[in-house]
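Chemist: Sending over a structure as structure tokens; questions will come in a sec.
Please treat every number below as a calculation from the coordinates, not as lab data. Computed from a predicted structure; not experimentally measured. In this analysis, Cβ positions are derived from the backbone assuming ideal geometry, glycine residues included, and neighbour counts consider all displayed protein chains.
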Amino acid sequence: ELKQFEDYWPLGTMPRLAYEILYNTGARVSDAHLLGKVHEKSNILTWKPFKGKDEYKNDEEEDEDEALEVSIPIRPELRKAIDATPSGNLVYCANSHGTPFQSAKGFSQWFVEKKNKAGLPKKCVPHGLRKCAAKKLAESGVGEYMLMSIMGWTNPSQAKKYIEKASRAKMAKWGMDMWSGEQNKD
């Protein structure tokens, strides 16, 4: 599904830039639509995650009493998308008039339209890119506190869910590989 979106919306298009921001930062929709040049310094993006009720947040995520600042390097894929896409002066993702989206809801609805145009199923939602980023990070071996720092979580319970699931899948594969190796010895 990621590849399908990437194939449909090439670098240089606003939907691809939005996708790269959501996926490569792990930012919530409420933060992603506000990110821009003012958050960038020396190829590092820094922002304070939205604090409050976020209707686009997964029910599994905790409501955080105090959001900590997120400061992450800009991944090469995101850098290419930013550099390739003409955008607004204040934010990376601008609407068709070159101005910022008025709300996270407007940005999310616009992104869903672009996702639909790419032929992706209904289950693919903007927040899913955040979850996919967390999953990929956990599968890459990122630890609990690193994952919390990247995703802007203050409670380790969310990070533990992703790490445990990724670890269990890897351990299951290793176990089955070991079993297969033992059977080949017989």
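Chemist: Would you mind getting me the FRET efficiency between Asn155 and His127? Use the beta-carbon distance for r and R0 = 25 Å, nearest 0.05.
Modeler: Efficiency at R0 = 25 Å is approximately 0.90.
Chemist: Also: Once phi is turned into ³J(HN,Hα) by the Karplus curve 6.51 cos²θ - 1.76 cosθ + 1.60 with θ = phi - 60°, what whole-Hz value does each residue of region 108-121 show in order, with x for glycine and proline?
Modeler: Result, rounded to whole Hz: 4, 5, 4, 5, 4, 4, 5, 5, 5, 4, 7, x, 7, x.
Chemist: Amide H of Val142 versus every other amide H placed in the peptide plane: which residues, excluding those fewer than 5 positions away on the same chain, fall under 5 Å?
Modeler: none
Chemist: Between 0 and 90 degrees, rounded to the nearest ten: what's the tilt of helix 156-185 against the longest Cα principal axis of the chain?
Modeler: 40 degrees
Chemist: Near the amide H of Val70, under 5 Å away, which other amide H atoms are found, from residues 5 or more places off or on another chain, if H is placed in the peptide plane?
Modeler: Trp47, Lys48
Chemist: Could you calculate the FRET efficiency of Lys165 with Lys41 from 1/(1 + (r/R0)^6), where r is the beta carbon distance between them and R0 is 35 Å, rounded to 0.05?
Modeler: The value I calculate is 0.55.
Chemist: Separate question: If you take semi-axes √(5λ) of the Cα gyration tensor in Å from the coordinates, which of (i) 71, 16, 13; (ii) 32, 20, 16; (iii) 27, 20, 15 do you get?
Modeler: (ii)
Chemist: Separate question: Full-extension gain between Leu68 and Lys3, please, as 0.36 nm times their residue separation minus the C-alpha to C-alpha distance.
Modeler: Gain on extension, Leu68 to Lys3, equals 20.2 nm.
Chemist: Taking amide H positions as placed in the peptide plane 1.01 Å from N, state which residues far from Ala94 in sequence (5 or more) or on other chains have amide H under 5 Å from it.
Modeler: Gly88
Chemist: Of Lys37/Lys135; Lys37/Lys122; Lys3/Lys160; Lys41/Lys170; Lys80/Lys135, which ones are farther than 29 Å apart at the Cα?
Modeler: Violating the 29 Å limit, Cα to Cα: Lys37/Lys122; Lys41/Lys170.
Chemist: Karplus couplings for region 11-20 from phi (6.51 cos²θ - 1.76 cosθ + 1.60, θ = phi - 60°), rounded to Hz, Gly and Pro as x?
Modeler: With the stated coefficients, region 11-20 comes to 4, x, 9, 5, x, 5, 4, 4, 4, 4 Hz.
Chemist: Counting only C-alpha contacts under 8 Å and six or more residues apart, can you give the relative contact order of the chain as a whole percent?
Modeler: Relative contact order for the chain comes out at 27 percent.
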